[in-house]
Ligand SMILES: Cc1ncc(C[n+]2csc(CCOP(=O)(O)OP(=O)(O)O)c2C)c(N)n1
Ligand SMILES: [Mg+2]
């Protein structure tokens with residue numbers, strides 16, 4: 001038989017793979033396993049500080065990667081994907097640099113545990129530790145591609161977009177129990193997005209077996225009803241079967257037939273991590289059966305059986321790999337950890353500083369006309385300007401569209417948000433730029449994170465602060481950490497607009513919440529709460545144009561007041577973050593406040609002046625993160641007294657932080673105790689008589705002023 005014919009016969013027998021490809025697979029698989037072995041020994045010697053292996057998952061990694069195009073497709077991976085990342089192009093040294101916590105670690109610069117992959121060279125997004133957060137980000141990344149196809153103006157602005165790109169997201173079996181998995185499938189199917197799910201089912205989530213985790217014990221059976229989802233199952237310890245099945249899945253997605261899911265059964269021969277010993281919960285028989293299915297052993301046997309290599313050749317290959325990994329480990333140990341002074345680097349953008357002059361046009365408004373407009377009007381105007389200016393801006397959330405059914409648009413006024421803040425934007429900019437999301441807060445923020453990673457600028461709405469909590473994982477562990485944990489490589493500059501606050505008469509426990517300090521406690525996130533219509537306009541523009549994630553809190557009670565109305569300050573009006581406003585000058589006492597308490601504090605200050613001759617200086621913080629300590633200090637140095645007034649409950653609120661900092665930094669200037677006025681430490685009850693006494697009122701502020709001023 002001619003060599004060419006022989007090659008064709010062999011390939012047909014090998015699911016289309018060539019002997020050379022299979023040998024390369026084996027080499028990568030052995031490399032992956034040897035890195036795990038080496039890391040385990042380094043961990044025992046205390047030279048690295050954590051280890052979790054990819055053992056048992058190697059065949060899946062190499063087989064799926066073979067159908068993917070690095071730096072063309074996108075990858076949202078998890079910690080078992082060592083072989084996958086090596087197959088995409090990473091070098092053993094790069095994994096070991098993360099293990100030793102080296103500054104040169106390409107994924108995180110020494111900030112993340114080993115096996116938390118990320119590499120912009122191959123479009124490997126930054127991997128975090130929470131199980132399940134990757135799914136919605138992958139959907140968002142695929143959605144970014146969809147928006148590019150819908151909006152030609154995005155063409156040059158979103159780099160690395162490919163018409164036939166595939167977004168691969170991998171997961172363990174246990175992680176499919178997270179709600180975000182199901183939320184992501186819902187959106188991937190509903191939007192027909194090019195997402196390839198790969199479930200690497202090793203039968204366990206730490207000690208919990210799959211039948212306890214998953215109804216019926218099979219995730220592929222469970223997802224069978226998702227419309228348009230192509231589901232394929234394979235033996236993930238068999239490289240050829242996995243190559244075949246992965247080919248079907250990736251082709252399906254690449255051909256734009258919609259999302260697909262590969263359910264690959266594999267093993268976990270090294271326990272969950274070095275902190276786990278699976279002999280505590282698996283029998284000897286079960287472990288022996290697992291060993292027989294080890295993908296390294298099976299691939300070696302395959303190469304021998306098919307005459308692709310001899311035992312001597314494979315021994316030599318394994319020896320080579322052992323040496324290569326050993327050398328890489330020695331090299332990695334010589335690298336230095338990041339310098340202590342870099343501990344705070346990359347929490348926020350190093351290029352765009354929203355506290356700086358580039359974001360300050362406050363003193364140069366270009367009023368469009370003399371109309372007096374509400375906060376709702378001027379927030380809407382800002383989004384309209386920004387949607388006009390920057391094609392990367394998209395607005396989505398629950399009910400934000402005018403009418404999802406476009407046919408209705410001409411016949412109806414349009415919804416535009418339950419508070420009408422986004423009214424008219426869909427009608428003006430189209431359903432590909434302003435649209436409704438499912439009723440799922442993690443979905444909104446997780447998708448936005450994936451879109452932002454690729455350069456889009458999502459401005460999303462969470463309908464009520466009281467319901468932001470399903471998104472908390474994405475906000476705290478993803479948006480806020482993205483830049484830091486990837487050492488500045490990736491960022492998720494999403495703007496989350498949220499209505500909040502009480503004083504509604506009847507808002508009750510779940511339509512009155514305020515909780516800015518919870519978010520101000522997340523390094524990497526800005527927290528903004530404007531009190532006036534013009535401030536809302538200028539601060540939202542800064543939020544949209546800056547390169548960090550921003551929680552933008554909009555007080556429902558302030559949306560349509562007369563006292564905080566303003567004029568439209570024009571399309572370039574920006575107020576920098578961290579710049580408090582002196583809303584009343586005074587010399588006897590400094591009152592620091594924000595949001596709905598600005599008006600109540602001003603009213604109290606006026607009465608204090610009229611009835612008690614006390615001259616109170618009132619500062620509106622406008623942003624709590626960053627906090628304008630300079631302005632607070634200047635005022636306290638003048639007055640010697642500080643009263644902090646906020647709407648959220650007293651304990652552990654922003655008042656606690658400000659009081660602590662003032663006590664620390666300004667002690668010599670204080671002529672009295674630092675006092676706080678805030679909500680009682682309870683929920684806001686529905687009955688108006690209770691609401692009244694729970695929330696801080698003007699007389700409470702006045703009483704505190706009088707008491708402190710006369711101290
Ligand atoms: C949200 C969250 N909960 C718990 C954990 C702790 N944890 C880490 S891995 C893991 C099990 C994951 O199992 P599976 O998805 O099957 O992946 P496998 O490790 O088996 O590959 C758990 C519970 C976590 N990292 N994140
Ligand atoms: Mg598992």
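General remarks:
- Here the ratio of the Cα radius of gyration of region 3-334 to 2.2 N^0.38 Å is 0.97.
- Anisotropy class of region 581-709 from Cα gyration tensor, a/c 1.5 cut: oblate
- P(r) weight above 18 Å for region 89-131, C-alpha pairs, percent: 16
- Relative to the longest principal axis of the Cα atoms of the chain, helix 654-665 runs at roughly 80 degrees.
- Kirkwood-based shape ratio for region 8-147, expressed as Rg/Rh from alpha carbons: 1.01
- Working note: Debye formula, equal point scatterers on the alpha-carbon atoms of region 268-345, no solvent; log10 I(q)/I(0) at q = 0.24 Å⁻¹ is -1.06.
- Ranking of 546, 266, 189 by count of other Cβ atoms within 10 Å, fewest first: 189, 546, 266
- Anisotropy class of region 302-361 from Cα gyration tensor, a/c 1.5 cut: oblate
- Take the Cβ atoms of residue 609 and residue 563, set R0 to 22 Å, and the FRET efficiency comes out at 0.75.
- With 0.36 nm allotted per residue and the present C-alpha distance subtracted, the residue 311-residue 286 stretch has 6.2 nm of extension available.
- Global geometry of region 415-541, whether rounded, prolate or oblate, following the gyration tensor of its Cα atoms and the 1.5 cut on a/c: oblate
- The per residue volume of the convex hull around the alpha-carbon atoms of region 246-388 is 340 Å³.
- Percentage, to the nearest whole number, of Cα pairs in the chain over 35 Å apart: 50
- Semi-axis lengths (Å, descending) of the ellipsoid that matches the C-alpha gyration tensor of region 522-601: 21, 17, 13
Laboratory data are not the source of any read-out in this text; all were calculated from the coordinates shown. Treat the numbers as computed from the prediction; the structure is a model and nothing was measured. Heads up, the Cβs are rebuilt from the backbone with ideal geometry, glycines too, and the neighbour counts pull from every protein chain shown.
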